[in-house]
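Scroll down for the structure; my scribbles are underneath it.
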Amino acid sequence: MENYFIHITSAKPMAFSVNSQHIGVVNREYEMLELEVGKENFVLSCYPLESTQGEIAVPFSAQIEILGGKIISYNDNLTVTDFGNGHFILKAKIPKIIKNSVNLVQFSKILGDNAITIHNNALSISNSKRAFYHPLPYILTSATADDLGTLLFISGMTTENTMYGLFLNKNLQIEFDGIADKIEYTDNKIITLRNINDIARHGLVTIYTREQSGFKKSNQYSVYTQSTPITPASNEALPTAFIEAINIENFTLARSYLHPSLSASLQDEHIRAYFGDFVEVMPTLNHSLYNLALVYSGNPRFVKIYHFEIKDNRIVDIDTI
(Lines give C-alpha, C1' and ligand atoms only; values in the text may rest on other atoms or scores of the structure.)
Protein backbone atom coordinates (compact mmCIF):
# COMPACT_ATOMS: atom_id res chain seq x y z
CA MET A 1 0.00 0.00 0.00
CA GLU A 2 1.34 3.42 -0.99
CA ASN A 3 1.54 5.83 1.92
CA TYR A 4 1.73 9.61 2.04
CA PHE A 5 3.55 11.76 4.57
CA ILE A 6 1.56 14.75 5.79
CA HIS A 7 3.19 17.71 7.56
CA ILE A 8 0.57 19.89 9.26
CA THR A 9 1.31 23.45 10.31
CA SER A 10 -0.30 26.81 11.11
CA ALA A 11 0.88 30.39 11.48
CA LYS A 12 -1.05 30.65 14.75
CA PRO A 13 -1.51 28.20 17.68
CA MET A 14 -3.96 25.50 16.63
CA ALA A 15 -5.00 21.97 17.62
CA PHE A 16 -5.73 19.32 14.99
CA SER A 17 -7.67 16.09 14.73
CA VAL A 18 -8.01 13.53 11.94
CA ASN A 19 -11.36 11.77 11.63
CA SER A 20 -12.26 13.15 15.09
CA GLN A 21 -9.07 11.76 16.70
CA HIS A 22 -6.82 14.38 18.30
CA ILE A 23 -3.31 14.30 16.81
CA GLY A 24 -1.59 17.27 18.45
CA VAL A 25 -1.01 21.02 18.67
CA VAL A 26 1.06 23.46 16.61
CA ASN A 27 2.18 26.55 18.54
CA ARG A 28 4.15 28.46 15.90
CA GLU A 29 4.82 28.65 12.16
CA TYR A 30 7.08 25.92 10.73
CA GLU A 31 6.39 23.73 13.77
CA MET A 32 4.78 20.65 12.24
CA LEU A 33 2.75 17.61 13.11
CA GLU A 34 3.79 14.52 11.19
CA LEU A 35 1.17 12.08 9.90
CA GLU A 36 1.37 9.04 7.64
CA VAL A 37 -1.77 8.15 5.72
CA GLY A 38 -2.83 5.60 3.12
CA LYS A 39 -5.09 6.08 0.12
CA GLU A 40 -8.29 6.78 2.04
CA ASN A 41 -9.77 10.27 2.16
CA PHE A 42 -9.90 11.82 5.62
CA VAL A 43 -11.31 14.81 7.51
CA LEU A 44 -8.86 17.25 9.08
CA SER A 45 -10.37 19.41 11.83
CA CYS A 46 -8.62 22.58 12.97
CA TYR A 47 -9.24 24.29 16.31
CA PRO A 48 -7.71 27.77 16.84
CA LEU A 49 -6.32 28.26 20.34
CA GLU A 50 -6.42 32.05 20.49
CA SER A 51 -8.47 34.99 19.22
CA THR A 52 -7.61 38.64 18.74
CA GLN A 53 -9.51 41.61 20.10
CA GLY A 54 -12.94 41.97 18.54
CA GLU A 55 -12.75 38.72 16.57
CA ILE A 56 -13.69 35.10 17.06
CA ALA A 57 -11.33 32.46 15.64
CA VAL A 58 -13.61 29.82 14.14
CA PRO A 59 -12.86 26.07 14.15
CA PHE A 60 -13.36 24.34 10.83
CA SER A 61 -13.04 20.95 9.15
CA ALA A 62 -11.87 20.10 5.65
CA GLN A 63 -12.40 16.98 3.56
CA ILE A 64 -8.96 15.90 2.30
CA GLU A 65 -9.04 13.90 -0.91
CA ILE A 66 -6.29 11.58 -2.11
CA LEU A 67 -6.56 11.49 -5.87
CA GLY A 68 -4.02 10.35 -8.44
CA GLY A 69 -1.17 10.39 -5.97
CA LYS A 70 -2.03 13.91 -4.81
CA ILE A 71 -3.43 15.33 -1.58
CA ILE A 72 -6.17 17.86 -2.38
CA SER A 73 -8.07 20.35 -0.22
CA TYR A 74 -11.03 22.37 -1.48
CA ASN A 75 -11.18 24.53 1.65
CA ASP A 76 -9.65 28.00 1.19
CA ASN A 77 -8.49 27.98 4.82
CA LEU A 78 -6.26 24.95 4.23
CA THR A 79 -3.55 25.06 1.56
CA VAL A 80 -1.72 21.96 0.40
CA THR A 81 1.82 22.06 -0.99
CA ASP A 82 3.32 19.03 -2.75
CA PHE A 83 7.01 18.63 -1.84
CA GLY A 84 7.40 15.50 -3.95
CA ASN A 85 8.19 11.91 -3.00
CA GLY A 86 4.84 11.57 -1.21
CA HIS A 87 5.41 14.51 1.18
CA PHE A 88 2.76 17.23 1.52
CA ILE A 89 2.52 20.29 3.78
CA LEU A 90 -0.99 21.20 4.93
CA LYS A 91 -1.06 24.76 6.27
CA ALA A 92 -4.13 26.05 8.09
CA LYS A 93 -5.14 29.67 8.48
CA ILE A 94 -7.69 30.86 10.98
CA PRO A 95 -11.07 31.96 9.65
CA LYS A 96 -12.36 34.87 11.70
CA ILE A 97 -15.62 36.64 12.20
CA ILE A 98 -16.10 40.07 13.71
CA LYS A 99 -18.04 40.12 16.96
CA ASN A 100 -19.82 42.98 18.64
CA SER A 101 -17.65 44.40 21.40
CA VAL A 102 -17.48 47.48 23.57
CA ASN A 103 -13.90 47.82 22.27
CA LEU A 104 -15.06 48.46 18.70
CA VAL A 105 -14.59 52.06 17.63
CA GLN A 106 -17.68 54.28 17.83
CA PHE A 107 -17.43 57.26 15.47
CA SER A 108 -19.72 59.98 14.15
CA LYS A 109 -19.11 63.12 12.15
CA ILE A 110 -21.04 65.60 10.00
CA LEU A 111 -19.36 66.57 6.72
CA GLY A 112 -21.51 69.00 4.78
CA ASP A 113 -24.77 67.19 4.02
CA ASN A 114 -23.37 63.80 5.09
CA ALA A 115 -23.95 62.24 8.50
CA ILE A 116 -21.25 59.59 8.96
CA THR A 117 -21.43 56.91 11.66
CA ILE A 118 -19.39 53.83 12.50
CA HIS A 119 -21.15 51.54 14.95
CA ASN A 120 -20.35 47.88 15.72
CA ASN A 121 -17.85 47.98 12.86
CA ALA A 122 -20.38 48.97 10.22
CA LEU A 123 -20.25 52.28 8.35
CA SER A 124 -23.41 54.20 7.53
CA ILE A 125 -23.70 57.51 5.69
CA SER A 126 -26.89 59.40 5.00
CA ASN A 127 -27.70 62.72 3.37
CA SER A 128 -30.71 64.45 1.86
CA LYS A 129 -30.58 62.31 -1.29
CA ARG A 130 -29.37 58.82 -0.39
CA ALA A 131 -28.09 56.44 2.27
CA PHE A 132 -25.09 54.09 2.33
CA TYR A 133 -24.36 51.06 4.53
CA HIS A 134 -21.09 49.12 4.47
CA PRO A 135 -19.87 46.41 6.90
CA LEU A 136 -16.20 47.19 7.43
CA PRO A 137 -13.85 44.29 6.60
CA TYR A 138 -11.45 45.10 9.44
CA ILE A 139 -11.63 45.81 13.16
CA LEU A 140 -10.89 49.52 13.62
CA THR A 141 -9.39 50.97 16.79
CA SER A 142 -9.78 54.55 15.55
CA ALA A 143 -11.51 56.31 12.67
CA THR A 144 -11.73 59.65 10.90
CA ALA A 145 -13.51 61.14 7.90
CA ASP A 146 -12.51 63.92 5.49
CA ASP A 147 -14.21 65.78 2.65
CA LEU A 148 -11.80 65.88 -0.31
CA GLY A 149 -14.05 67.85 -2.61
CA THR A 150 -15.39 65.23 -4.99
CA LEU A 151 -14.60 62.39 -2.58
CA LEU A 152 -15.28 61.32 0.97
CA PHE A 153 -12.34 59.61 2.66
CA ILE A 154 -13.07 57.30 5.60
CA SER A 155 -9.97 55.91 7.29
CA GLY A 156 -8.86 54.22 10.49
CA MET A 157 -6.26 52.07 12.18
CA THR A 158 -6.82 48.33 12.47
CA THR A 159 -5.96 45.97 15.31
CA GLU A 160 -2.93 44.92 13.19
CA ASN A 161 -1.70 48.55 13.27
CA THR A 162 -2.31 49.03 9.55
CA MET A 163 -4.37 51.74 7.87
CA TYR A 164 -7.74 51.12 6.25
CA GLY A 165 -8.97 53.56 3.61
CA LEU A 166 -12.36 53.90 1.92
CA PHE A 167 -12.98 56.50 -0.81
CA LEU A 168 -16.53 57.28 -1.93
CA ASN A 169 -17.75 59.68 -4.57
CA LYS A 170 -20.57 62.18 -4.00
CA ASN A 171 -23.10 59.51 -5.03
CA LEU A 172 -21.76 57.39 -2.14
CA GLN A 173 -20.33 54.80 -4.53
CA ILE A 174 -17.06 53.09 -3.52
CA GLU A 175 -14.14 54.07 -5.74
CA PHE A 176 -11.38 52.56 -3.59
CA ASP A 177 -11.37 50.19 -0.62
CA GLY A 178 -8.05 48.94 0.71
CA ILE A 179 -5.55 48.45 3.49
CA ALA A 180 -1.87 49.41 3.70
CA ASP A 181 0.66 50.70 6.19
CA LYS A 182 0.12 54.20 4.83
CA ILE A 183 -2.49 55.72 2.52
CA GLU A 184 -2.29 59.23 1.04
CA TYR A 185 -4.41 61.16 -1.46
CA THR A 186 -3.15 63.94 -3.74
CA ASP A 187 -3.99 65.27 -7.22
CA ASN A 188 -6.61 62.59 -7.98
CA LYS A 189 -4.14 59.89 -7.00
CA ILE A 190 -4.08 57.46 -4.09
CA ILE A 191 -0.60 56.44 -2.93
CA THR A 192 -0.24 53.43 -0.64
CA LEU A 193 2.80 52.04 1.13
CA ARG A 194 2.86 48.41 2.27
CA ASN A 195 5.77 47.14 4.36
CA ILE A 196 7.03 43.82 2.98
CA ASN A 197 8.84 42.85 6.22
CA ASP A 198 11.54 41.01 4.31
CA ILE A 199 15.24 40.93 5.20
CA ALA A 200 16.08 44.14 3.31
CA ARG A 201 12.98 45.91 4.72
CA HIS A 202 11.33 46.76 1.42
CA GLY A 203 8.21 48.83 1.14
CA LEU A 204 5.92 48.52 -1.87
CA VAL A 205 4.54 51.83 -3.16
CA THR A 206 1.42 51.59 -5.33
CA ILE A 207 -0.13 54.54 -7.15
CA TYR A 208 -3.80 54.50 -8.16
CA THR A 209 -5.02 57.14 -10.63
CA ARG A 210 -8.64 58.24 -10.66
CA GLU A 211 -10.55 57.40 -13.82
CA GLN A 212 -14.24 57.61 -14.73
CA SER A 213 -14.90 54.13 -13.33
CA GLY A 214 -12.85 54.64 -10.17
CA PHE A 215 -9.22 54.34 -9.13
CA LYS A 216 -6.97 52.08 -11.23
CA LYS A 217 -3.42 51.00 -10.45
CA SER A 218 -1.06 53.06 -12.62
CA ASN A 219 2.37 52.47 -11.11
CA GLN A 220 4.17 50.35 -8.53
CA TYR A 221 7.73 50.38 -7.26
CA SER A 222 9.75 49.38 -4.21
CA VAL A 223 11.56 51.53 -1.65
CA TYR A 224 13.57 50.85 1.49
CA THR A 225 11.65 51.67 4.65
CA GLN A 226 14.92 52.33 6.50
CA SER A 227 16.67 54.38 3.75
CA THR A 228 19.14 51.60 2.91
CA PRO A 229 18.69 47.81 2.70
CA ILE A 230 19.37 45.79 5.84
CA THR A 231 22.32 43.46 5.30
CA PRO A 232 21.66 39.71 5.74
CA ALA A 233 22.91 38.59 9.15
CA SER A 234 24.84 35.60 7.77
CA ASN A 235 25.65 33.65 4.61
CA GLU A 236 22.77 31.32 5.48
CA ALA A 237 20.36 34.22 4.91
CA LEU A 238 21.79 35.18 1.49
CA PRO A 239 19.52 32.86 -0.58
CA THR A 240 16.40 34.15 1.13
CA ALA A 241 17.47 37.79 0.74
CA PHE A 242 18.24 37.17 -2.94
CA ILE A 243 14.85 35.55 -3.65
CA GLU A 244 13.03 38.29 -1.74
CA ALA A 245 14.77 40.91 -3.89
CA ILE A 246 13.78 39.02 -7.06
CA ASN A 247 10.19 38.82 -5.84
CA ILE A 248 10.03 42.59 -5.41
CA GLU A 249 11.87 42.98 -8.76
CA ASN A 250 14.76 44.85 -7.17
CA PHE A 251 17.40 43.39 -9.46
CA THR A 252 20.06 45.88 -8.35
CA LEU A 253 19.85 44.55 -4.80
CA ALA A 254 19.56 40.95 -6.00
CA ARG A 255 22.77 41.31 -8.00
CA SER A 256 24.59 42.63 -4.93
CA TYR A 257 24.18 39.13 -3.42
CA LEU A 258 25.71 37.46 -6.50
CA HIS A 259 29.38 37.00 -7.24
CA PRO A 260 30.34 39.57 -9.93
CA SER A 261 31.16 36.85 -12.47
CA LEU A 262 27.72 35.24 -12.03
CA SER A 263 25.94 38.59 -12.12
CA ALA A 264 27.73 39.58 -15.34
CA SER A 265 26.51 36.43 -17.10
CA LEU A 266 22.79 37.05 -16.38
CA GLN A 267 20.21 39.47 -17.72
CA ASP A 268 17.41 40.65 -15.41
CA GLU A 269 14.74 38.96 -17.52
CA HIS A 270 16.69 35.69 -17.42
CA ILE A 271 16.87 35.80 -13.63
CA ARG A 272 13.10 36.31 -13.28
CA ALA A 273 12.28 33.68 -15.91
CA TYR A 274 14.56 31.12 -14.23
CA PHE A 275 12.53 31.20 -11.02
CA GLY A 276 9.13 31.76 -12.64
CA ASP A 277 5.99 33.05 -10.94
CA PHE A 278 6.36 31.62 -7.45
CA VAL A 279 3.82 32.56 -4.78
CA GLU A 280 5.76 31.79 -1.60
CA VAL A 281 9.23 30.92 -0.32
CA MET A 282 9.58 28.17 2.28
CA PRO A 283 12.40 26.25 3.95
CA THR A 284 12.87 22.70 2.75
CA LEU A 285 11.34 19.96 4.88
CA ASN A 286 14.72 19.15 6.44
CA HIS A 287 15.70 22.85 6.68
CA SER A 288 18.84 22.25 4.60
CA LEU A 289 21.30 25.12 4.59
CA TYR A 290 21.49 27.00 1.28
CA ASN A 291 18.37 25.23 -0.06
CA LEU A 292 15.02 26.96 -0.57
CA ALA A 293 11.62 25.67 -1.67
CA LEU A 294 9.80 28.00 -4.05
CA VAL A 295 6.06 27.37 -4.12
CA TYR A 296 3.99 27.59 -7.30
CA SER A 297 0.22 27.79 -7.79
CA GLY A 298 -1.93 24.68 -8.25
CA ASN A 299 -4.17 22.32 -6.32
CA PRO A 300 -2.15 21.08 -4.67
CA ARG A 301 0.53 23.73 -4.91
CA PHE A 302 3.94 22.38 -5.88
CA VAL A 303 7.54 23.31 -5.15
CA LYS A 304 10.90 23.49 -6.85
CA ILE A 305 13.97 23.14 -4.64
CA TYR A 306 16.87 25.46 -5.41
CA HIS A 307 20.41 25.02 -4.07
CA PHE A 308 22.63 28.08 -3.64
CA GLU A 309 26.41 27.74 -3.56
CA ILE A 310 28.08 30.43 -1.45
CA LYS A 311 31.73 31.53 -1.63
CA ASP A 312 33.38 34.68 -0.31
CA ASN A 313 30.02 35.94 1.04
CA ARG A 314 28.42 35.84 -2.40
CA ILE A 315 26.24 33.41 -4.36
CA VAL A 316 28.42 31.78 -7.03
CA ASP A 317 25.95 29.22 -8.45
CA ILE A 318 22.25 28.27 -8.35
CA ASP A 319 20.87 24.86 -9.31
CA THR A 320 17.57 23.01 -9.03
CA ILE A 321 17.52 19.76 -7.10
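Observations on the structure shown:
- Net charge, Val80 excluded, C-beta distance under 15 Å - Lys, Arg +1, Asp, Glu -1: 0
- Summed residue charge, Cβ within 13 Å of Ile94's Cβ, Lys/Arg positive, Asp/Glu negative: 0
- Per-pair calculated FRET efficiency, R0 = 51 Å: Gln173 and Asn313 via Cβ, rounded to 0.05: 0.40
- Lys/Arg +1, Asp/Glu -1 at C-beta; segment 1-141 dipole; positive extreme among Ala115, Gly24, Ile71: Ala115
- Between 0 and 90°, nearest 10: helix 238-247 axis offset from the chain longest Cα axis: 50 degrees
- Counting DSSP beta bridges with both ends in the chain, the antiparallel % (nearest 5): 90 percent
- Among the trypsin sites (Lys or Arg not before Pro) in segment 1-81, those placed in a DSSP loop whose Cβ has at most 16 other Cβ atoms within 10 Å are Arg28, Lys39.
- Rounded to the nearest 10 Å², the accessible area of Glu2 at probe 1.4 Å: 100 Å²
- Helical mean residue ellipticity (222 nm; -39500 (n - 2.57) per DSSP H run of 4+; nearest 500) of the chain: -2500 deg cm²/dmol
- For the residue pairs Lys93/Lys216; Lys129/Lys170; Lys189/Lys216, the alpha carbons lie more than 21 Å apart in Lys93/Lys216.
- Neighbourhood net charge (14 Å Cβ-Cβ; Lys/Arg +1, Asp/Glu -1) for Asn291: -3
- Spatially proximal aspartates and glutamates relative to Lys39 (Cα-Cα < 19 Å; intrachain offsets below 8 disregarded): Glu2, Glu65, Asp82
- Separation of alpha-carbon centers, segment 184-256 and segment 12-50, rounded to whole Å: 35 Å
- Contour minus Cα-Cα distance for Lys109 and Ser126 (0.36 nm per residue): 5.0 nm
- When the chymotrypsin sites (Phe, Trp or Tyr not before Pro) in segment 32-98 are filtered for DSSP coil states and for at most 16 other beta-carbon atoms within 10 Å of their beta-carbon, the remaining sites are Tyr74.
The values are calculated or read from the model by the stated rules, or taken from the named source; none is laboratory data. Since the model is a prediction, treat every value here as computed from it, not as a measurement. Neighbour counts run over all protein chains shown; Cβ positions are idealised from the backbone, glycine included. Keep in mind that these areas ignore ligands, DNA and RNA; they rest on the heavy atoms of the full protein, side chains included. Shrake-Rupley method; radii C 1.70, N 1.55, O 1.52, S 1.80 Å.
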